[in-house]
Structure formats: structure tokens, C-alpha cells
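**Student:** Take a look at this one; I'll ask things after.
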Amino acid sequence: MRRPSAVAGLAASVARVAPLQRRTEFRADLPAREGWQRCSALLGDPARFDGWRRLLAGWLRDRFGEAPARTTAGYVMSWYLHVPAYTAALLLHHERRVPLLRPGELAFRLGGDRPHPEGIAVLGAEFYCLPADPAAGCPEATVVADERALAAVLRARYTAHAAKFVHAYAPVAGLGRRMLWAAATDALDNSLWWAGRQSGDEGAGVADAALVLDARHAPLTSASALRLNGDRTWVRRRESCCFSYLLPGEAECVECPRVRHRA
């Protein structure tokens, strides 16, 4: 049997997926230019989150005149979790592959005009895949039985990364662990949905979210919260609060849990 070429591995998946989405620069290497940082660098030195929040605070003050501490904490919380969640969702949706999502194997860079992750680099080579994957015979591949098993692997790998984030971020952010795990759930559910929407197949994104978050898998806080509203369009109930409502002139999001709790 002819072994798959090395180009069939995870780096090739990232290269194929990159032009199929519009949210961020998506790549399989770490460019020499400045601005890229590994997730492990922040998690290993949580004080570095303070620098990110100060950068965000300056951006918010330029636009709103204020930068409440809970708002900067909430934005950075959501933006960081977007990195492993979006990486996992894109590669599942387009390639039916799941990278290991280790903090040392993911990196990101912040945008110049808005301090959110506008670039993501997937640096690891190992991945999980289905038996029919062309690269199933590669030494970097771990084959699982079916899509349900692949979804379970994605959930486990993402949860492992999120647990490291919660452990590192909770002491410096002033946010409770329940809130952080709610945000982790939002990031994953949203990313799976977005991956389908961006590719022109929203239903497939909804199906991926239902596959991965088929129930509440603690410490994640809920099953997929996607549902059809009265207009027969997909909407999603949020588990966490972004604290945007603390900014001057801003209101709570329609699906904010604060709104539900008052209803």
C-alpha cells in the first residue's frame, strides 16, 4: 500500500481550510515577524493577560470614553477561548480532523486596529481522523471509529485546553469559574455554528454543534444552545456575559443570560 505523502497531514488541512473562512488569518507555521504568541506563553505567565487587557482598555476608551474592568476581562476571556474553539471547529467542519489543541501548539496575533486575535497558527502535526481519511496511515494520525468518536475527541481536547485557561485566568480576571466555563461553552458552540455559516451550509454547522455538544458534558455548562426562532432562523442562547452593557450607550445582548434571569 502506498503511504500518504506528508502533504496530506495537518498542515495541508490548515492550508486548505484557510481560504474557506473569513474570520482570521489561519496558518500552519509561526512567521518570523513579531506579534505572534503561543497560547502556552500566556497560560504559563498569567500576568501577561494584564497587558492584553490594558491594550484593550485603551481601545475601548478611544471609542467609549470608559473601559470597565469586567468588560476588558470578559472580552479577553471570549477572545482567548475563540482560538482553540475556532481551530477545532474549522478543521472538523471542512476536513473531519481534530488537532491536539495543546496550548504549545496554538499561537495567535492581535489585530493592529482592534486587539482581538486576527491570526491563528496551528503548530502541531498530530491529529485524529476517521478511517476513510486519506492520511489515516500517517504516523501523525490517530484513527477513531466514527464521527461520534471524533466529536468526543474534539470535546475532550478542547476541554483540556479550556481547563488550563480557566486555571490561569480566574485568579487574574476577577471572574468566577462558572462564568469562565460558560464562556468556554459559548466559544465552542458558536465556532461550530460559524464554521458552517461561513462555508454556506449553516445547517451543517448546526449539526456539528449538536454532534459535539449533544448533552451537557461537565465542566462545560450546557448542550448546544442553537434553536430556530419564530422566523425560522437559527439563534443561540448565550451561557456567559460579555459585559458590553457596562459601556456607555450599550445594552445587554438579546440572548444574554442576564436578560433571561430577569424574565
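**Student:** Within segment 185-207, work out how many residues are among the charged types (D, E, K, R), assigned to a helix (DSSP H, G or I) and over 23 Å from Val76 (Cβ atoms). Steps first, please.
**Tutor:** Taking segment 185-207 and keeping what is among the charged types (D, E, K, R), we get 186, 189, 197, 201-202.
Filter again for assigned to a helix (DSSP H, G or I), leaving 186, 189, 197, 202.
Those still in the list that are over 23 Å from Val76 (Cβ atoms) too: 197, 202.
Going through segment 185-207 one residue at a time, the tally reaches 2.
**Student:** When the residues of segment 107-123 are filtered to those that are small (Gly, Ala, Ser) and modelled with pLDDT of 95 or more, which remaining residue is surrounded by the fewest Cβ atoms within 10 Å (Cβ to Cβ)? Please lay out each step first, then the result.
**Tutor:** Filtering segment 107-123 down to residues small (Gly, Ala, Ser) leaves 107, 111-112, 119, 121.
Next, only the ones that are modelled with pLDDT of 95 or more stay: 107, 119, 121.
Values: Ala107: 24, Gly119: 17, Ala121: 22.
Top of the filtered list is Gly119.
**Student:** Say whether the condition of being open to solvent by 10 Å² or more (accessible area, probe 1.4 Å) and modelled with pLDDT under 95 is met by at least one residue in segment 160-174.
**Tutor:** yes
**Student:** Keeping to segment 241-257, report how many residues are at pLDDT 90 or above, farther than 20 Å from Trp181 by Cβ and in a loop (DSSP other than H, G, I, E, B).
**Tutor:** So the count comes out to 2.
**Student:** Looking at Arg38, is it surrounded by 14 or more Cβ atoms within 10 Å (Cβ to Cβ) and modelled with pLDDT of 95 or more?
**Tutor:** Values: surrounded by 14 or more Cβ atoms within 10 Å (Cβ to Cβ): yes; modelled with pLDDT of 95 or more: yes.
Yes; evaluated as a whole, the condition is true for this residue.
**Student:** Right, something else. For segment 207-221, state whether one or more residues are open to solvent by less than 30 Å² (accessible area, probe 1.4 Å) and either polar (S, T, N, Q) or touching a Gly at 6+ places or on another chain (Cβ under 7 Å) (or both). Let's see the steps before the verdict.
**Tutor:** Looking only at segment 207-221, we keep the residues that are open to solvent by less than 30 Å² (accessible area, probe 1.4 Å), and these are 208-209, 212-213, 220-221.
The next check asks that each one be either polar (S, T, N, Q) or touching a Gly at 6+ places or on another chain (Cβ under 7 Å) (or both); those that pass are 208, 221.
Checked segment 207-221: at least one residue is open to solvent by less than 30 Å² (accessible area, probe 1.4 Å) and either polar (S, T, N, Q) or touching a Gly at 6+ places or on another chain (Cβ under 7 Å) (or both).
**Student:** If a residue has to be over 17 Å from the mean Cα position of the chain (by Cα), under 19 Å from Trp36 (Cα atoms) and open to solvent by 30 Å² or more (accessible area, probe 1.4 Å) to count, how many in segment 52-106 make the cut?
**Tutor:** Going through segment 52-106 one residue at a time, the tally reaches 3.
**Student:** Mind telling me which of the residues Ala151, Ala182 ends up being farther than 13 Å from Met77 by Cα and either part of a helix (DSSP H, G or I) or at pLDDT 95 or above (or both)? Quick ask: steps written out before the conclusion?
**Tutor:** Working: Ala182 fails: farther than 13 Å from Met77 by Cα.
Being farther than 13 Å from Met77 by Cα and either part of a helix (DSSP H, G or I) or at pLDDT 95 or above (or both) holds for just one of Ala151, Ala182, which is Ala151.
**Student:** I've got another one for you. Quick check, is Ala135 touching a Gly at 6+ places or on another chain (Cβ under 7 Å), over 25 Å from Glu239 (Cα atoms) and in a loop (DSSP other than H, G, I, E, B)?
**Tutor:** Against the criterion (touching a Gly at 6+ places or on another chain (Cβ under 7 Å), over 25 Å from Glu239 (Cα atoms) and in a loop (DSSP other than H, G, I, E, B)), Ala135 qualifies.
**Student:** Residues to consider are Arg236, Arg227; find the one that is closer than 30 Å to Pro19 by Cα, open to solvent by 50 Å² or more (accessible area, probe 1.4 Å) and in contact with a Lys or Arg (Cβ under 9 Å, 6 or more places away or on another chain). Explain how you work it out, then say what you get.
**Tutor:** Values: Arg236 fails: open to solvent by 50 Å² or more (accessible area, probe 1.4 Å).
Answer to the check: Arg227.
The values are calculated or read from the model by the stated rules, or taken from the named source; none is laboratory data. What you see is a predicted model, and the numbers here were worked out from it, not measured in a lab. As a convention, Cβ positions derive from the backbone with ideal geometry for all residues, glycine included, and neighbour counts pool all protein chains shown. Only protein heavy atoms, including side chains, enter the accessible area calculation; ligands, DNA and RNA are left aside. Shrake-Rupley method; radii C 1.70, N 1.55, O 1.52, S 1.80 Å.
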